[in-house]
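To start, the structure itself, in structure tokens.
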Amino acid sequence: MSSFFLTTAIDFVNSRPHLGTAYEKITADVIARYHRLKGDDTWFLMGNDEHSQNVFRRAQEQGKAPLAYCDEMEQVFREVWRGLDISFNDFIRTTDQKRHFPGVQTLVQACLDNGDVYEGTYEGPYCVSCEEFKPEKDLVDGLCPIHKTKPEWIKERNWFFRLSKYQRPLLAYYEEHPSFIEPEVRRNEVLRLVEDGLVDLSISRAGQSWGIPLPNDPQSVVYVWFDALTNYASAVGYGWDDEQFARRWPANLHIVGKDITRFHCVIWPALLMSAGLPLPGQVFGHGWVFFKGERMSKTMGNIVDPLDAAKRFGPDPLRLYLTKEVVYGADGDFTWERFEEKYNADLANNLGNLVNRVAAMTERYRQGRLVAGGGGSLATLAADSASAYRRAMDGLALHEGVAAAYRLISAANEYIAETQPWSLARDPAHADRLSGVLHDAAEAVRIAAVLLLPVMPSSAAEILRRMGETTAPGDLRFDTATAWRASGERGILNAGALWPRLEDKGAITVSETTPGTPSPSSASSAAPAPSAASAPSASAPAGTTPHPVAPAALEQIAIDDFMKVQLKVARILEASNVPKSKKLVQLKVDVGEAEPRTILAGIAESYQPEQLVGRTIVVVANLKPAKLMGIESNGMVLAASPEGGGALLLNAEPAVPGTRVR
């Protein structure tokens, strides 16, 4: 069993965690859970950074003692991390006098003993929000480039660390260990910084009591960044438990924000070199999550509370969004509109619909029991997806790992559309084939759920339960759990929708390819209804022309009336002309339900039946059934209505049958 020790940056506690803070913790948790799934002895460390002047001032504002304030904020942070299902093994606080104080003082003493600490005077700008001395060359119009605030001017006696001494050793280490800093853009930034030269670093603040006293100068406290960086080592025994420290250190991975990579890739390794300690395996500097294009910041006042999303939808949809939609290492963006859109598309319409269909059909056709068999293309794709997932996750390309899982999910949806279990169920001669199809679909869902366990732990565990997995999620191991099961029997549980579709106004529009206002091709009328202002779609037959009607002829309705209409994506499975009708075509369409629907559409003058099979269209799904030419039609196809026939409104991009259109 391999050991794996990863950490996140510890957080200032001057305010609640925001979505940008949560992004780091969620993605680190995905990594930790993935390594546990692989069977690694995983130790995941998080914590709070409390010896900050921001924290001290915040406590004063509230009329509280700093430590009492920090005690309260620990509970606030733990509440948020519980709400987001973060599975840390240890939580370190820099006010921990039993673990952290001895670690910091031991590191200071080691650097002193090596001749790397000396006394001097510092004078210059200091950003309280960054807790960092700022060279004037780094200011923008005299302001901190991150917080847009004017730094304080400070002059005081300090103790300095000889950072300049480690310029060449650091550059040599980067060259010998090219993966030490990831992604590449962060590595290049750090290389340029170190190549330009390093200046010695102040590691103390004079005349303050809020902090850890220097072992050689009790009247001064350790500078907050020196204090904070030491947590990674002090939490696992440095300075107080040599046996534990030898077992856990060095850390395999530090996950930090891109704005603090220089601390972790320059100062931290230099301190460790000075103390004669092993360096961590890798530092990964992730990007920022913006809100509507702007960085989230306590100072800027545009905070999104992650618990707002978790309380409304549960933690898993947010975890999926942040892992899947943000390229790991790059910046991402969050809006509530985009979040709800992806919730509907990825969960309600895609994965959730797939789980429901497999379970419903298994219950209906096989009384909820499946015997293994088949395999074929889905088994091959499942193996390929698992391999791609593992490569991506090992390379910290978390977004690519989730994409690999979703390729399998999409393939399972397509497999159901192609094999049409509802058709197989009508013929007893296809009984074995039907059983094989249902098993293969269920097995693909099971493997996809295994891949998603690190990302959506609760939801994936529930999917595994429904797909007949009997091993507890925490006991599953990647290699065996992602292997295709070609033998055995399982029970499939049909337990309802995992993610009900969101019905908020103005959420998602599936198709915007056709200008004008579409009108439906009605099953209750042999001829297409006239359009208020129609135009042919991109796939309309040549020669059709729009016939606009003056806007005054439009009858306006309230949005609540419109929202009563259930528009859904459908895929045409079969199409045939209706005998004795020049205008009607009989369609069999997949609307994301256990069985397809029959819908009659007045488009025979525009399309031959063979042109329609496989196309993705939009239908009115909650229309009362009507009989035409002796055939019951269950729905209505949307089409523009130029003279001579109806032009179907086709989706610009493929969408899962059953997707709600608004």
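The criterion of at least 2 residues that are under 38 Å from the mean Cα position of the chain (by Cα), surrounded by 14 or more Cβ atoms within 10 Å (Cβ to Cβ) and assigned by TED's automatic domain parsing to the domain that holds S204 is met by the following strands (runs of 3 or more DSSP E) wholly inside the stretch 79-176: 90-93, 117-127.
Condition (residue is over 26 Å from K64 (Cβ atoms) and hydroxyl-bearing (S, T, Y)) applied to the stretch 153-169: is it met by at least one residue? Checked against the condition, which is being over 26 Å from K64 (Cβ atoms) and hydroxyl-bearing (S, T, Y), the stretch 153-169 yields at least one hit. Might you let me know whether the stretch 647-654 holds any residue that is on the phi > 0 side of the Ramachandran plot, modelled with pLDDT under 85 and assigned by TED's automatic domain parsing to the domain that holds N577? No - not one qualifying residue is present in the stretch 647-654.
Can you work out which of the residues in the stretch 377-401 that are in contact with an Asp or Glu (Cβ under 7 Å, 6 or more places away or on another chain) and more than 21 Å from E414 (Cα to Cα) is surrounded by the fewest Cβ atoms within 10 Å (Cβ to Cβ)? The selected residue is A392.
In the condition set (1) more than 36 Å from the chain's Cα centre (by Cα); (2) under 29 Å from L45 (Cα atoms); (3) part of a loop (DSSP other than H, G, I, E, B), R205 is compliant with all but (3). Whenever a residue of the stretch 585-601 is without any contact (Cβ under 8 Å) to a residue 24 or more places away in the chain and in the same structural domain as I572 (by TED's automatic domain parsing), its partners that are surrounded by fewer than 19 Cβ atoms within 10 Å (Cβ to Cβ) and not charged (D, E, K, R), lying with C-beta atoms within less than 8 angstrom and at least six residues away or across chains, give the pairs K588/T598.
In summary, N349 fulfils each of the numbered conditions (1) polar (S, T, N, Q); (2) surrounded by fewer than 23 Cβ atoms within 10 Å (Cβ to Cβ); (3) part of a helix (DSSP H, G or I) with the single exception of condition (2).
Quick check, is V445 under 30 Å from G83 (Cα atoms) and touching a residue at least 60 places away in the same chain (Cβ under 8 Å)? Yes: the conditions hold for V445.
All conditions in (1) surrounded by fewer than 22 Cβ atoms within 10 Å (Cβ to Cβ); (2) in contact with a strand residue (DSSP E or B) (Cβ under 8 Å, 6 or more places away or on another chain) hold for A360, with the sole exception of (2).
Residue by residue, here is whether (1) free of Cβ contacts under 8 Å to residues at least 12 places away in the same chain; (2) among the hydrophobic types (A, V, I, L, M, F, W, C); (3) touching a helix residue (DSSP H, G or I) at 6+ places or on another chain (Cβ under 6 Å); (4) on the phi > 0 side of the Ramachandran plot holds:
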{"position": "L170", "(1), (2), (3), (4)": "no, yes, yes, no"}
{"position": "R186", "(1), (2), (3), (4)": "no, no, yes, no"}
{"position": "G207", "(1), (2), (3), (4)": "no, no, no, yes"}
{"position": "A228", "(1), (2), (3), (4)": "no, yes, no, no"}
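For every residue, the table says whether it meets (1) touching a residue at least 60 places away in the same chain (Cβ under 8 Å); (2) β-branched (V, I, T); (3) surrounded by fewer than 23 Cβ atoms within 10 Å (Cβ to Cβ).
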{"site": "W268", "(1), (2), (3)": "no, no, no"}
{"site": "L271", "(1), (2), (3)": "yes, no, no"}
{"site": "V283", "(1), (2), (3)": "yes, yes, no"}
{"site": "F291", "(1), (2), (3)": "yes, no, yes"}
{"site": "D308", "(1), (2), (3)": "no, no, yes"}
{"site": "L318", "(1), (2), (3)": "yes, no, no"}
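The requirement of being part of a helix (DSSP H, G or I), surrounded by 24 or more Cβ atoms within 10 Å (Cβ to Cβ), within 17 Å of the chain's Cα centre (by Cα) and not small (G, A, S) is satisfied by L451.
Within the stretch 68-78, the set of residues being exposed (fewer than 13 other Cβ atoms within 10 Å of the Cβ) and either over 31 Å from the mean Cα position of the chain (by Cα) or touching a residue at least 60 places away in the same chain (Cβ under 8 Å) (or both) comprises just one member, A68.
Within the stretch 227-282, being within 28 Å of the chain's Cα centre (by Cα) and either under 16 Å from V194 (Cβ atoms) or of a type in the set (V, I, T) (or both) holds for I255, V256, I260, T261, R262, F263, H264, C265. L623 meets each of the listed conditions (1) at pLDDT 85 or above; (2) part of a strand (DSSP E or B) apart from (2).
Out of all the residues in the stretch 230-238, is one or more closer than 23 Å to Y126 by Cβ and modelled with pLDDT of 95 or more? Yes.
Screening Q219 against (1) under 29 Å from the mean Cα position of the chain (by Cα); (2) modelled with pLDDT under 95 leaves a single unmet condition, (1).
Filtering the stretch 566-592 to residues that are assigned to a loop (DSSP other than H, G, I, E, B) and farther than 13 Å from G635 by Cα leaves V578, P579, K580, S581, K582, K583, L584, G592. Say whether the condition of being at pLDDT below 95, within 17 Å of D227 (Cβ to Cβ), part of a helix (DSSP H, G or I) and among the hydrophobic types (A, V, I, L, M, F, W, C) is met by at least one residue in the stretch 3-12. Taking every residue of the stretch 3-12 in turn, none turns out to be at pLDDT below 95, within 17 Å of D227 (Cβ to Cβ), part of a helix (DSSP H, G or I) and among the hydrophobic types (A, V, I, L, M, F, W, C).
The values are calculated or read from the model by the stated rules, or taken from the named source; none is laboratory data. The structure displayed is predicted, hence computed values, not measured ones. Neighbour counts run over all protein chains shown; Cβ positions are idealised from the backbone, glycine included.
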